[in-house]
Amino acid sequence: MSRPRTTMRKIREVLRLRLAEGLSPRQISASLGLPRITVRRHLDRAVEKGITWPLPVEMDDRALEDMLFARVDPTISETRPMPEWVSVHRELRRKDATLQVLWQEYKEQHPDGFQYTWFTEHYRQYQRRIDLVMRHDHLAGEKLFVDFPGQTVPIYDRLTEAEIMRAEIFVAVLGASNYTYAEALPSQELPHWIKAHVNAFDFLSGCPLVLVPDNLKSAITRAHRYEPLVNESYLDMATHFGAVVMPARPRKPRDKAKAEVGVQIVERWILFRLRNHRFYSLAELNAEIRRLLALLNAKPFKKMPGSRQSWFEEIERSALRPLPLARYEFATFSKAKVHIDYHIQVDYHYYSVPYQLVGETVEVRLTVSTVEILHRGRRLTSHLRSFRRGSHTTKAEHMPEAHRRNSKWPPHRLLNWAGQTGPNTAAMFQGVMESRRHPEQGYRSCLGIMSLGKRYGAERLEAACKRALTVRALSLHSVESILKNGLDRQPLTDDAIVNQPRRQHENLRGPQHYS
(Lines give C-alpha, C1' and ligand atoms only; values in the text may rest on other atoms or scores of the structure.)
Protein backbone atom coordinates (compact mmCIF):
# COMPACT_ATOMS: atom_id res chain seq x y z
CA MET A 1 0.00 0.00 0.00
CA SER A 2 1.48 3.32 -1.11
CA ARG A 3 1.74 6.30 1.21
CA PRO A 4 1.61 10.02 0.31
CA ARG A 5 5.03 11.47 -0.51
CA THR A 6 4.51 14.10 2.21
CA THR A 7 4.36 11.27 4.77
CA MET A 8 7.60 9.80 3.48
CA ARG A 9 9.23 13.22 3.67
CA LYS A 10 8.23 13.39 7.34
CA ILE A 11 9.64 9.92 7.91
CA ARG A 12 12.91 11.05 6.34
CA GLU A 13 12.88 14.05 8.67
CA VAL A 14 12.24 11.79 11.65
CA LEU A 15 15.31 9.74 10.72
CA ARG A 16 17.44 12.84 10.17
CA LEU A 17 16.48 14.50 13.44
CA ARG A 18 17.19 11.32 15.37
CA LEU A 19 20.21 9.84 13.60
CA ALA A 20 21.96 13.04 12.55
CA GLU A 21 20.86 15.63 15.11
CA GLY A 22 20.37 13.34 18.13
CA LEU A 23 16.92 14.71 19.11
CA SER A 24 14.72 12.67 21.46
CA PRO A 25 11.41 11.18 20.27
CA ARG A 26 9.58 13.77 22.39
CA GLN A 27 11.41 16.62 20.66
CA ILE A 28 10.86 15.13 17.22
CA SER A 29 7.16 14.71 17.99
CA ALA A 30 6.85 18.37 18.98
CA SER A 31 8.81 19.55 15.96
CA LEU A 32 6.95 17.59 13.28
CA GLY A 33 3.50 17.41 14.88
CA LEU A 34 3.51 13.62 14.88
CA PRO A 35 2.28 11.43 17.75
CA ARG A 36 5.18 10.25 19.88
CA ILE A 37 4.23 6.60 19.43
CA THR A 38 4.36 7.05 15.65
CA VAL A 39 7.84 8.54 15.91
CA ARG A 40 8.98 5.61 18.05
CA ARG A 41 7.59 3.04 15.59
CA HIS A 42 9.44 4.63 12.68
CA LEU A 43 12.66 4.72 14.68
CA ASP A 44 12.23 1.11 15.83
CA ARG A 45 11.75 -0.02 12.24
CA ALA A 46 14.86 1.91 11.18
CA VAL A 47 16.91 0.18 13.90
CA GLU A 48 15.58 -3.28 12.90
CA LYS A 49 16.44 -2.64 9.24
CA GLY A 50 19.88 -1.27 10.08
CA ILE A 51 19.22 2.11 8.51
CA THR A 52 21.85 4.78 9.14
CA TRP A 53 22.18 8.44 8.24
CA PRO A 54 22.84 9.84 5.71
CA LEU A 55 20.71 7.63 3.47
CA PRO A 56 22.28 6.38 0.26
CA VAL A 57 21.88 8.84 -2.61
CA GLU A 58 20.11 6.27 -4.75
CA MET A 59 17.48 5.50 -2.05
CA ASP A 60 14.31 7.32 -3.09
CA ASP A 61 11.00 7.36 -1.19
CA ARG A 62 9.77 4.13 -2.76
CA ALA A 63 12.95 2.26 -1.81
CA LEU A 64 12.83 3.62 1.73
CA GLU A 65 9.15 2.69 2.01
CA ASP A 66 9.78 -0.84 0.80
CA MET A 67 12.57 -1.27 3.32
CA LEU A 68 10.60 0.08 6.25
CA PHE A 69 7.15 -1.32 5.48
CA ALA A 70 7.79 -4.60 3.72
CA ARG A 71 4.72 -6.78 4.26
CA VAL A 72 4.71 -10.46 5.12
CA ASP A 73 3.27 -12.64 2.44
CA PRO A 74 -0.10 -13.81 3.86
CA THR A 75 0.14 -17.12 2.02
CA ILE A 76 3.24 -18.01 4.03
CA SER A 77 1.56 -17.39 7.42
CA GLU A 78 -0.97 -20.11 6.74
CA THR A 79 1.76 -22.75 6.79
CA ARG A 80 3.48 -21.50 9.95
CA PRO A 81 2.39 -22.19 13.54
CA MET A 82 0.89 -19.20 15.32
CA PRO A 83 2.54 -18.29 18.68
CA GLU A 84 0.44 -18.72 21.82
CA TRP A 85 0.03 -15.06 22.65
CA VAL A 86 -1.56 -15.73 26.06
CA SER A 87 1.52 -17.67 27.11
CA VAL A 88 3.81 -14.97 25.69
CA HIS A 89 1.92 -12.25 27.56
CA ARG A 90 2.05 -14.19 30.84
CA GLU A 91 5.74 -15.01 30.49
CA LEU A 92 6.58 -11.35 29.92
CA ARG A 93 5.47 -10.66 33.51
CA ARG A 94 8.41 -12.66 34.80
CA LYS A 95 11.61 -10.89 35.75
CA ASP A 96 14.21 -10.61 32.93
CA ALA A 97 11.74 -11.87 30.30
CA THR A 98 11.92 -10.11 26.91
CA LEU A 99 10.20 -10.54 23.55
CA GLN A 100 13.60 -11.34 22.02
CA VAL A 101 14.12 -14.33 24.32
CA LEU A 102 10.54 -15.58 23.89
CA TRP A 103 10.86 -15.29 20.09
CA GLN A 104 14.09 -17.31 20.17
CA GLU A 105 12.34 -20.04 22.18
CA TYR A 106 9.51 -19.97 19.61
CA LYS A 107 12.02 -20.34 16.75
CA GLU A 108 13.77 -23.23 18.51
CA GLN A 109 10.46 -25.10 18.58
CA HIS A 110 9.42 -23.94 15.10
CA PRO A 111 12.47 -23.26 12.89
CA ASP A 112 10.19 -22.27 10.02
CA GLY A 113 8.24 -19.88 12.22
CA PHE A 114 7.79 -16.15 11.85
CA GLN A 115 10.65 -13.68 12.13
CA TYR A 116 11.20 -11.29 15.00
CA THR A 117 9.62 -8.20 13.39
CA TRP A 118 6.40 -10.06 12.59
CA PHE A 119 6.45 -11.61 16.08
CA THR A 120 6.69 -8.25 17.89
CA GLU A 121 4.15 -6.44 15.70
CA HIS A 122 1.52 -9.15 16.09
CA TYR A 123 2.09 -9.38 19.83
CA ARG A 124 1.46 -5.63 20.12
CA GLN A 125 -1.77 -6.07 18.15
CA TYR A 126 -2.83 -8.85 20.55
CA GLN A 127 -1.89 -6.69 23.55
CA ARG A 128 -4.13 -3.85 22.37
CA ARG A 129 -7.13 -6.20 22.25
CA ILE A 130 -6.97 -7.26 25.91
CA ASP A 131 -8.26 -5.33 28.92
CA LEU A 132 -6.46 -2.13 29.85
CA VAL A 133 -5.83 -3.42 33.37
CA MET A 134 -3.96 -6.44 31.99
CA ARG A 135 -2.11 -4.49 29.33
CA HIS A 136 0.54 -2.74 31.39
CA ASP A 137 3.91 -4.47 31.50
CA HIS A 138 4.45 -4.99 35.23
CA LEU A 139 6.98 -7.60 36.29
CA ALA A 140 6.02 -10.30 38.76
CA GLY A 141 6.68 -9.28 42.35
CA GLU A 142 7.65 -5.76 41.33
CA LYS A 143 4.80 -3.37 42.22
CA LEU A 144 1.92 -3.20 44.66
CA PHE A 145 -0.57 -0.40 43.96
CA VAL A 146 -2.44 0.91 47.02
CA ASP A 147 -5.36 3.33 47.31
CA PHE A 148 -8.69 4.11 48.96
CA PRO A 149 -11.99 4.27 47.05
CA GLY A 150 -14.27 7.21 47.68
CA GLN A 151 -16.98 4.88 48.95
CA THR A 152 -17.16 4.07 52.67
CA VAL A 153 -19.21 1.55 54.67
CA PRO A 154 -21.28 2.58 57.73
CA ILE A 155 -20.82 0.81 61.08
CA TYR A 156 -23.78 0.88 63.51
CA ASP A 157 -24.24 0.63 67.26
CA ARG A 158 -25.87 -2.69 68.09
CA LEU A 159 -28.10 -1.24 70.81
CA THR A 160 -29.20 2.10 69.40
CA GLU A 161 -28.85 1.25 65.68
CA ALA A 162 -27.22 4.66 65.24
CA GLU A 163 -24.34 5.05 62.83
CA ILE A 164 -21.11 5.37 64.80
CA MET A 165 -18.46 5.53 62.06
CA ARG A 166 -17.74 5.26 58.34
CA ALA A 167 -15.19 2.56 57.55
CA GLU A 168 -12.56 3.34 54.91
CA ILE A 169 -11.67 0.56 52.48
CA PHE A 170 -7.98 -0.06 51.79
CA VAL A 171 -7.24 -1.68 48.41
CA ALA A 172 -3.94 -3.19 47.23
CA VAL A 173 -3.36 -4.68 43.76
CA LEU A 174 -0.30 -6.56 42.50
CA GLY A 175 0.90 -5.32 39.13
CA ALA A 176 1.56 -8.57 37.26
CA SER A 177 -1.33 -10.81 38.37
CA ASN A 178 -3.90 -8.20 39.53
CA TYR A 179 -4.23 -10.24 42.71
CA THR A 180 -6.26 -8.00 45.05
CA TYR A 181 -6.41 -7.36 48.78
CA ALA A 182 -9.01 -5.26 50.59
CA GLU A 183 -9.57 -4.36 54.23
CA ALA A 184 -11.88 -2.04 56.19
CA LEU A 185 -10.15 0.53 58.40
CA PRO A 186 -11.41 3.02 61.00
CA SER A 187 -9.80 5.88 59.03
CA GLN A 188 -7.03 6.77 56.60
CA GLU A 189 -4.80 7.98 59.44
CA LEU A 190 -1.17 6.91 59.50
CA PRO A 191 -1.32 4.03 62.07
CA HIS A 192 -4.21 2.35 60.23
CA TRP A 193 -2.57 2.98 56.84
CA ILE A 194 0.66 1.29 58.01
CA LYS A 195 -1.20 -1.60 59.66
CA ALA A 196 -3.13 -2.25 56.43
CA HIS A 197 0.13 -2.64 54.51
CA VAL A 198 1.45 -5.13 57.06
CA ASN A 199 -1.79 -7.12 56.81
CA ALA A 200 -1.59 -7.03 53.01
CA PHE A 201 1.94 -8.46 53.08
CA ASP A 202 0.73 -11.23 55.38
CA PHE A 203 -2.13 -11.93 52.96
CA LEU A 204 0.33 -12.17 50.06
CA SER A 205 2.87 -14.14 52.13
CA GLY A 206 5.56 -11.87 50.73
CA CYS A 207 6.64 -8.33 49.93
CA PRO A 208 6.81 -6.49 46.60
CA LEU A 209 9.79 -4.44 45.52
CA VAL A 210 7.87 -1.19 44.93
CA LEU A 211 4.90 0.41 46.71
CA VAL A 212 2.88 2.81 44.54
CA PRO A 213 0.52 4.95 46.65
CA ASP A 214 -1.45 7.98 45.62
CA ASN A 215 -0.47 11.31 47.16
CA LEU A 216 -2.61 11.00 50.29
CA LYS A 217 -1.27 12.63 53.47
CA SER A 218 -0.58 9.35 55.29
CA ALA A 219 1.90 8.39 52.56
CA ILE A 220 3.26 11.66 51.19
CA THR A 221 4.16 14.64 53.36
CA ARG A 222 4.70 16.89 50.34
CA ALA A 223 3.46 16.02 46.85
CA HIS A 224 5.83 16.81 44.00
CA ARG A 225 6.08 15.54 40.45
CA TYR A 226 9.78 14.73 40.65
CA GLU A 227 10.76 14.66 44.34
CA PRO A 228 7.78 13.83 46.59
CA LEU A 229 8.54 13.80 50.31
CA VAL A 230 7.50 10.43 51.74
CA ASN A 231 6.17 10.26 55.30
CA GLU A 232 8.98 9.04 57.58
CA SER A 233 6.87 6.39 59.31
CA TYR A 234 5.72 5.04 55.93
CA LEU A 235 9.31 5.02 54.70
CA ASP A 236 10.42 3.22 57.87
CA MET A 237 7.82 0.51 57.30
CA ALA A 238 8.87 0.11 53.64
CA THR A 239 12.53 -0.16 54.67
CA HIS A 240 11.69 -2.86 57.20
CA PHE A 241 10.12 -4.96 54.42
CA GLY A 242 12.84 -4.14 51.88
CA ALA A 243 10.51 -2.15 49.64
CA VAL A 244 10.82 1.27 48.00
CA VAL A 245 8.04 3.88 47.84
CA MET A 246 7.40 5.40 44.40
CA PRO A 247 4.29 7.62 44.62
CA ALA A 248 2.14 8.21 41.56
CA ARG A 249 2.88 11.57 40.00
CA PRO A 250 0.22 14.26 40.50
CA ARG A 251 -2.19 14.53 37.56
CA LYS A 252 -0.71 11.41 35.90
CA PRO A 253 -3.55 8.87 35.92
CA ARG A 254 -1.54 6.25 34.03
CA ASP A 255 0.83 5.97 37.01
CA LYS A 256 -2.00 4.66 39.18
CA ALA A 257 -4.27 3.08 36.54
CA LYS A 258 -3.83 -0.34 38.13
CA ALA A 259 -4.94 0.98 41.54
CA GLU A 260 -7.91 2.86 40.10
CA VAL A 261 -9.13 -0.16 38.17
CA GLY A 262 -8.60 -2.33 41.26
CA VAL A 263 -10.60 0.13 43.34
CA GLN A 264 -13.37 0.12 40.75
CA ILE A 265 -13.50 -3.69 40.76
CA VAL A 266 -13.65 -3.80 44.58
CA GLU A 267 -16.47 -1.26 44.51
CA ARG A 268 -18.44 -3.32 41.99
CA TRP A 269 -17.83 -6.84 43.20
CA ILE A 270 -17.50 -6.32 46.96
CA LEU A 271 -18.87 -3.00 48.21
CA PHE A 272 -21.94 -3.06 45.96
CA ARG A 273 -22.82 -6.52 47.26
CA LEU A 274 -22.60 -5.20 50.82
CA ARG A 275 -25.04 -2.36 50.23
CA ASN A 276 -27.95 -4.13 51.99
CA HIS A 277 -25.87 -5.51 54.88
CA ARG A 278 -25.77 -3.91 58.30
CA PHE A 279 -22.49 -4.20 60.18
CA TYR A 280 -21.93 -3.60 63.88
CA SER A 281 -18.12 -3.88 63.98
CA LEU A 282 -15.10 -3.73 61.73
CA ALA A 283 -14.47 -7.41 62.42
CA GLU A 284 -17.87 -8.35 60.94
CA LEU A 285 -17.26 -6.16 57.91
CA ASN A 286 -13.76 -7.53 57.29
CA ALA A 287 -14.98 -11.11 57.58
CA GLU A 288 -17.50 -10.49 54.79
CA ILE A 289 -14.91 -8.62 52.71
CA ARG A 290 -12.55 -11.59 52.97
CA ARG A 291 -15.28 -13.95 51.75
CA LEU A 292 -16.10 -11.81 48.72
CA LEU A 293 -12.41 -11.15 48.08
CA ALA A 294 -11.78 -14.87 47.65
CA LEU A 295 -14.57 -15.00 45.07
CA LEU A 296 -13.18 -11.95 43.26
CA ASN A 297 -9.66 -13.36 42.99
CA ALA A 298 -11.01 -16.70 41.75
CA LYS A 299 -13.27 -15.05 39.15
CA PRO A 300 -12.08 -15.94 35.57
CA PHE A 301 -10.77 -13.16 33.33
CA LYS A 302 -13.02 -12.21 30.43
CA LYS A 303 -10.49 -12.04 27.60
CA MET A 304 -7.76 -14.27 28.97
CA PRO A 305 -7.60 -17.74 30.49
CA GLY A 306 -7.11 -18.03 34.23
CA SER A 307 -7.92 -15.74 37.15
CA ARG A 308 -6.16 -13.42 39.55
CA GLN A 309 -5.65 -16.34 41.90
CA SER A 310 -4.18 -18.65 39.25
CA TRP A 311 -1.88 -15.96 37.83
CA PHE A 312 -0.72 -15.09 41.36
CA GLU A 313 0.06 -18.72 42.17
CA GLU A 314 1.76 -19.33 38.82
CA ILE A 315 3.96 -16.29 38.29
CA GLU A 316 3.85 -13.88 41.24
CA ARG A 317 3.91 -15.67 44.58
CA SER A 318 7.43 -17.02 44.08
CA ALA A 319 8.66 -13.61 42.84
CA LEU A 320 7.71 -11.78 46.06
CA ARG A 321 10.34 -11.19 48.70
CA PRO A 322 10.04 -13.29 51.87
CA LEU A 323 8.60 -11.63 54.95
CA PRO A 324 11.16 -10.45 57.56
CA LEU A 325 11.55 -12.65 60.60
CA ALA A 326 10.96 -9.72 62.97
CA ARG A 327 7.41 -8.41 63.17
CA TYR A 328 7.12 -4.76 62.18
CA GLU A 329 6.28 -2.35 65.00
CA PHE A 330 4.69 0.98 64.12
CA ALA A 331 7.06 3.89 64.68
CA THR A 332 6.83 7.67 64.64
CA PHE A 333 9.74 10.05 64.12
CA SER A 334 10.59 13.37 65.70
CA LYS A 335 13.57 15.58 66.46
CA ALA A 336 14.84 16.57 69.90
CA LYS A 337 17.65 18.76 71.17
CA VAL A 338 20.11 17.33 73.70
CA HIS A 339 19.96 19.51 76.81
CA ILE A 340 22.85 20.32 79.12
CA ASP A 341 21.83 17.35 81.29
CA TYR A 342 22.58 15.10 78.23
CA HIS A 343 18.93 13.99 78.14
CA ILE A 344 16.23 14.51 75.54
CA GLN A 345 12.53 14.86 76.24
CA VAL A 346 10.24 12.34 74.56
CA ASP A 347 6.57 12.25 75.50
CA TYR A 348 7.24 14.00 78.87
CA HIS A 349 9.97 11.52 79.84
CA TYR A 350 13.74 12.10 79.72
CA TYR A 351 16.19 9.69 78.05
CA SER A 352 19.97 9.93 78.17
CA VAL A 353 22.33 10.18 75.20
CA PRO A 354 26.15 10.37 75.18
CA TYR A 355 27.07 13.63 76.94
CA GLN A 356 29.35 14.66 74.04
CA LEU A 357 26.19 15.52 72.05
CA VAL A 358 25.00 18.27 74.39
CA GLY A 359 23.49 21.01 72.22
CA GLU A 360 23.08 18.76 69.18
CA THR A 361 19.77 17.84 67.54
CA VAL A 362 19.03 14.11 67.28
CA GLU A 363 16.31 12.05 65.61
CA VAL A 364 13.98 9.90 67.69
CA ARG A 365 12.27 6.73 66.47
CA LEU A 366 9.45 5.98 68.90
CA THR A 367 7.52 2.71 69.12
CA VAL A 368 5.20 1.31 71.77
CA SER A 369 8.10 -0.45 73.49
CA THR A 370 11.34 1.32 72.53
CA VAL A 371 12.93 4.74 72.06
CA GLU A 372 15.68 4.66 69.44
CA ILE A 373 17.95 7.70 69.11
CA LEU A 374 19.87 8.48 65.92
CA HIS A 375 22.32 11.21 64.99
CA ARG A 376 23.13 11.98 61.35
CA GLY A 377 21.77 8.62 60.29
CA ARG A 378 23.81 6.67 62.86
CA ARG A 379 22.10 4.81 65.69
CA LEU A 380 23.35 6.16 69.04
CA THR A 381 21.39 4.19 71.60
CA SER A 382 17.98 2.85 72.50
CA HIS A 383 15.93 2.71 75.71
CA LEU A 384 12.92 0.77 76.83
CA ARG A 385 10.04 3.22 76.63
CA SER A 386 8.77 4.60 79.92
CA PHE A 387 5.40 6.27 80.45
CA ARG A 388 6.33 7.92 83.78
CA ARG A 389 6.01 11.64 83.19
CA GLY A 390 8.86 13.81 84.40
CA SER A 391 11.12 10.85 85.22
CA HIS A 392 14.55 10.03 83.81
CA THR A 393 15.97 6.95 82.11
CA THR A 394 19.76 7.18 82.26
CA LYS A 395 22.57 4.88 81.11
CA ALA A 396 25.82 5.07 83.05
CA GLU A 397 27.93 5.07 79.90
CA HIS A 398 26.27 8.29 78.77
CA MET A 399 27.52 10.22 81.81
CA PRO A 400 30.58 12.46 81.67
CA GLU A 401 33.92 10.89 82.48
CA ALA A 402 34.11 12.87 85.75
CA HIS A 403 31.45 10.49 87.11
CA ARG A 404 28.06 12.17 87.05
CA ARG A 405 29.42 15.65 86.44
CA ASN A 406 29.22 17.65 83.22
CA SER A 407 32.46 19.63 82.88
CA LYS A 408 30.79 22.44 80.96
CA TRP A 409 27.89 22.89 83.39
CA PRO A 410 29.04 21.82 86.90
CA PRO A 411 26.47 22.28 89.70
CA HIS A 412 28.34 25.18 91.33
CA ARG A 413 28.02 27.18 88.10
CA LEU A 414 24.23 26.90 88.23
CA LEU A 415 24.24 27.75 91.97
CA ASN A 416 26.35 30.86 91.40
CA TRP A 417 24.05 31.89 88.57
CA ALA A 418 20.96 31.41 90.75
CA GLY A 419 22.64 33.35 93.58
CA GLN A 420 22.57 36.46 91.39
CA THR A 421 18.78 36.40 91.72
CA GLY A 422 18.77 35.69 95.45
CA PRO A 423 19.57 33.16 98.19
CA ASN A 424 16.16 31.49 97.96
CA THR A 425 16.60 30.87 94.24
CA ALA A 426 20.05 29.37 94.89
CA ALA A 427 18.59 27.22 97.65
CA MET A 428 15.83 26.08 95.31
CA PHE A 429 18.44 25.08 92.69
CA GLN A 430 20.39 23.14 95.29
CA GLY A 431 17.25 21.44 96.58
CA VAL A 432 16.19 20.44 93.08
CA MET A 433 19.59 18.88 92.32
CA GLU A 434 19.76 17.14 95.70
CA SER A 435 16.34 15.58 95.16
CA ARG A 436 17.49 13.76 92.01
CA ARG A 437 19.56 10.63 91.77
CA HIS A 438 22.08 12.50 89.67
CA PRO A 439 22.36 16.31 89.88
CA GLU A 440 22.41 16.56 86.08
CA GLN A 441 18.82 15.36 86.04
CA GLY A 442 17.84 18.59 87.78
CA TYR A 443 19.60 20.92 85.32
CA ARG A 444 16.62 21.21 83.04
CA SER A 445 14.29 22.13 85.93
CA CYS A 446 16.79 24.72 87.21
CA LEU A 447 17.02 26.39 83.80
CA GLY A 448 13.24 26.36 83.59
CA ILE A 449 13.00 28.07 86.97
CA MET A 450 15.52 30.70 85.90
CA SER A 451 13.53 31.36 82.72
CA LEU A 452 10.52 32.28 84.88
CA GLY A 453 12.53 35.28 86.08
CA LYS A 454 12.42 36.73 82.55
CA ARG A 455 8.63 36.51 82.56
CA TYR A 456 7.81 37.52 86.15
CA GLY A 457 10.94 39.39 87.25
CA ALA A 458 13.76 38.47 89.64
CA GLU A 459 11.96 39.81 92.73
CA ARG A 460 8.87 37.68 92.22
CA LEU A 461 10.97 34.64 91.35
CA GLU A 462 12.92 34.99 94.60
CA ALA A 463 9.66 35.23 96.56
CA ALA A 464 8.17 32.24 94.77
CA CYS A 465 11.26 30.13 95.48
CA LYS A 466 11.05 31.11 99.15
CA ARG A 467 7.43 29.96 99.31
CA ALA A 468 8.22 26.72 97.47
CA LEU A 469 11.02 25.98 99.92
CA THR A 470 8.59 26.55 102.78
CA VAL A 471 6.34 23.73 101.63
CA ARG A 472 9.25 21.65 100.27
CA ALA A 473 7.82 21.79 96.73
CA LEU A 474 11.13 21.36 94.89
CA SER A 475 10.03 21.42 91.26
CA LEU A 476 9.66 23.75 88.31
CA HIS A 477 5.93 23.09 88.21
CA SER A 478 5.49 24.24 91.83
CA VAL A 479 7.38 27.53 91.32
CA GLU A 480 5.49 28.21 88.10
CA SER A 481 2.14 27.53 89.82
CA ILE A 482 3.00 29.92 92.67
CA LEU A 483 3.83 32.70 90.23
CA LYS A 484 0.85 32.05 88.01
CA ASN A 485 -1.59 32.22 90.93
CA GLY A 486 0.14 35.18 92.62
CA LEU A 487 0.90 33.23 95.80
CA ASP A 488 4.38 34.77 95.93
CA ARG A 489 2.74 38.06 96.94
CA GLN A 490 1.05 36.56 100.00
CA PRO A 491 2.87 36.64 103.40
CA LEU A 492 4.74 33.60 104.70
CA THR A 493 4.42 32.33 108.27
CA ASP A 494 8.06 31.28 108.53
CA ASP A 495 10.69 33.72 107.22
CA ALA A 496 13.63 31.56 108.27
CA ILE A 497 12.79 28.59 106.08
CA VAL A 498 16.00 28.95 104.07
CA ASN A 499 18.10 28.19 107.14
CA GLN A 500 16.02 25.26 108.35
CA PRO A 501 17.78 21.86 108.27
CA ARG A 502 16.81 19.74 105.30
CA ARG A 503 15.58 16.20 105.48
CA GLN A 504 18.38 13.66 105.42
CA HIS A 505 18.40 10.48 103.35
CA GLU A 506 20.91 8.52 101.31
CA ASN A 507 20.32 10.47 98.06
CA LEU A 508 21.05 13.91 99.59
CA ARG A 509 24.69 14.94 99.12
CA GLY A 510 25.02 18.25 100.95
CA PRO A 511 27.00 21.37 99.93
CA GLN A 512 30.36 19.64 100.28
CA HIS A 513 29.50 17.44 97.26
CA TYR A 514 29.67 20.47 94.95
CA SER A 515 32.87 22.05 96.32
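The values are calculated or read from the model by the stated rules, or taken from the named source; none is laboratory data. This structure is a prediction, so every number in the text was calculated from the model and none was measured. Note that each Cβ is placed from the backbone with ideal geometry, even for glycine, and that neighbours are counted across all protein chains shown.
Here are a few things to note about the model shown:
- Ile164 satisfies every condition listed in (1) over 27 Å from Pro324 (Cα atoms); (2) under 15 Å from the mean Cα position of the chain (by Cα) except (2).
- Qualifying residue in segment 159-175 (condition: over 29 Å from Tyr280 (Cα atoms), crowded, with 16+ Cβ neighbours inside 10 Å and at pLDDT 85 or above): yes
- Some residue of segment 293-308 being in a loop (DSSP other than H, G, I, E, B) and either touching a Phe, Trp or Tyr at 6+ places or on another chain (Cβ under 7 Å) or closer than 23 Å to Asp202 by Cα (or both): yes
- Exclusive hit being farther than 24 Å from Gln115 by Cα and surrounded by fewer than 15 Cβ atoms within 10 Å (Cβ to Cβ), set Gly33, Gly50: Gly33
- Any chance Pro354 is farther than 30 Å from Asn231 by Cβ, surrounded by 15 or more Cβ atoms within 10 Å (Cβ to Cβ) and either modelled with pLDDT under 90 or within 41 Å of the chain's Cα centre (by Cα) (or both): no
- Flag not set for Trp193, criterion: crowded, with 19+ Cβ neighbours inside 10 Å, out of contact with any Lys or Arg (no Cβ under 9 Å at 6 or more places or on another chain) and outside the structural domain of Thr239 (by TED's automatic domain parsing).
- In this structure, Glu363 qualifies as outside any loop (DSSP other than H, G, I, E, B) and either under 26 Å from Arg436 (Cβ atoms) or free of Cβ contacts under 8 Å to residues at least 40 places away in the same chain (or both).
- Members of segment 92-108 that are outside any loop (DSSP other than H, G, I, E, B) and in contact (Cβ under 8 Å) with a residue 24 or more places away in the chain: Leu99
- Whichever residue in segment 190-248 is modelled with pLDDT of 90 or more and among the charged types (D, E, K, R) and, among such residues, is farthest from the chain's Cα centre (by Cα): Asp202
- Look at segment 201-213: where a residue is assigned by TED's automatic domain parsing to the domain that holds Trp311 and buried (at least 23 other Cβ atoms within 10 Å of the Cβ), no partner that is polar (S, T, N, Q) and outside any helix (DSSP H, G or I) sits 6+ places away or on another chain with Cβ atoms under 8 Å.
- Residue list for segment 162-189, filter: farther than 25 Å from Glu232 by Cβ, without any contact (Cβ under 8 Å) to a residue 60 or more places away in the chain and assigned to a strand (DSSP E or B): Glu163, Ile164, Met165, Arg166
- Hits in segment 9-30 (condition: of a type in the set (A, V, I, L, M, F, W, C) and either outside the structural domain of Met59 (by TED's automatic domain parsing) or surrounded by fewer than 16 Cβ atoms within 10 Å (Cβ to Cβ) (or both)): Ala20, Ala30
- Taken over segment 29-41, the criterion of being at pLDDT below 85 and either closer than 13 Å to Arg12 by Cβ or in contact with a Leu (Cβ under 8 Å, 6 or more places away or on another chain) (or both) is satisfied by Ser31, Leu32, Leu34.
- Test result for Ser481, of a type in the set (Gly, Ala, Ser) and modelled with pLDDT of 50 or more: yes
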